[in-house]
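The values are calculated or read from the model by the stated rules, or taken from the named source; none is laboratory data. Because the structure is predicted, anything quoted here is derived from the model rather than measured. Positions of Cβ are generated from backbone atoms using ideal geometry, with glycine treated the same way; all protein chains shown enter the neighbour counts. To get the accessible areas, we keep the full protein, side chains included, count just its heavy atoms, and leave off ligands, DNA and RNA. Shrake-Rupley method; radii C 1.70, N 1.55, O 1.52, S 1.80 Å.
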Amino acid sequence: MARITFPRTVGFGAGLLALVLIVFSIFGLLWGLWRPEMTATAVEGGGFAIDTTSNAQFQGFGAFVLATALLAGAVAFGVFKYAKSRRGLATMLYLALLTVLGSLAFWLGGGFIAPTMPDVTAEVGSQVSWVPSFNPGLGLAAAPFVCLLVYWSGLYLTIESSSAGEEATAAVPTEVGQPLY
């Protein structure tokens with residue numbers, strides 16, 4: 001029976017996919033537990049009087065953008081630091097694509113855990129609370145932006161530090177009496 005082997009690049013890409021989806025999903029589930037809630041009072045006729053003192057939907061969106069951006073930065077830094085043999089443009093772009101997928105997993109996981117519908121059978125005068133849903137829209141762009149920024153910064157600083165080291169060794173005089181300028 002012939003054994004099927006895959007190139008290391010495929011294994012590396014699959015490992016990154018699994019890492020990003022698992023990390024973002026776990027943190028998305030935790031985010032769903034701690035999302036801010038809206039409160040309302042049940043009124044006659046089956047409606048609700050919503051408390052407008054806080055904007056839980058905007059706070060949830062802001063927390064989503066901030067959390068996914070921080071996660072993307074941490075993942076990009078970790079991949080850059082520990083996958084030295086895979087550094088390059090292809091890894092950077094693939095990682096940015098994965099952070100978009102990770103952000104979607106984060107949003108879906110948080111939406112799955114959070115109670116997004118109020119109790120419509122509440123008695124008049126009783127308080128109900130729920131987590132408002134939102135469309136992530138442009139918030140999905142924060143994670144790949146931070147990922148690209150962190151990874152590119154690492155590439156830039158690595159190139160600069162290695163070329164600076166070469167220039168410093170080239171400026172050292174090799175013969176006695178050679179000028180230092």
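Relative to the Cα centre, the charge distribution of the chain, modelled as +1 at Lys and Arg Cβ and -1 at Asp and Glu Cβ, gives a dipole magnitude of about 840 debye.
Helices of the chain meeting both criteria, an alpha-carbon length of 24 angstrom or more along the long axis and an average Kyte-Doolittle score not below 1.6, with helices taken as full DSSP H segments, are 8-34, 89-113. Amide H to amide H, with H built 1.01 Å from N, T39 comes under 5 Å of D51, counting only residues 5 or more places away or on other chains. Measuring r between the beta carbons of T116 and R3 and using R0 = 45 Å, the FRET efficiency lands at 0.40.
For the pair E37 and D51 in one chain, pulling the backbone fully straight at 0.36 nm per residue adds 4.0 nm over the alpha carbon distance. Paramagnetic label reach from A63 (point 7 Å along Cα→Cβ; backbone nitrogen cut-off under 15 Å): within segment 80-113, residues 106-113.
Where is the GNM fluctuation largest for the chain (alpha-carbon springs, 10 angstrom cutoff): A122, A114, A18? Looking only at A122, A114, A18, the biggest GNM fluctuation is shown by A122.
Volume per residue of the convex hull around the Cα atoms, evaluated for segment 1-52, comes out as 150 Å³.
I'd like to check one number: the per residue accessible area of segment 1-97, probe 1.4 Å, reported in Å² as a whole number. The partial results should precede the final answer.
Details: 6250 Å² over 97 residues.
Result: 64 Å² per residue.
Subtracting the Cα-Cα distance of N135 and I22 from their residue separation scaled by 0.36 nm leaves 38.5 nm.
Binning the alpha carbon pair distances of the chain at 5 angstrom intervals from zero yields the distribution 1, 8, 13, 13, 11, 10, 9, 8, 7, 5, 5, 4, 3, 2, 1, 1, 1, 0, 0, 0, expressed in whole percent.
Each label point was placed 7 Å from the Cα along the Cα-to-Cβ direction; for L157 and L30 their separation is 2.4 nm.
Per-peptide packing, taken as the mean over residues of other Cβ atoms within 10 Å, places 143-155, 48-60 in the sequence 143-155, 48-60 from highest down. When GluC sites (Glu not before Pro) are flagged only if DSSP places them in a loop and at most 12 other Cβ atoms lie within 10 Å, the longest unflagged stretch of the chain comes out as 45-122.
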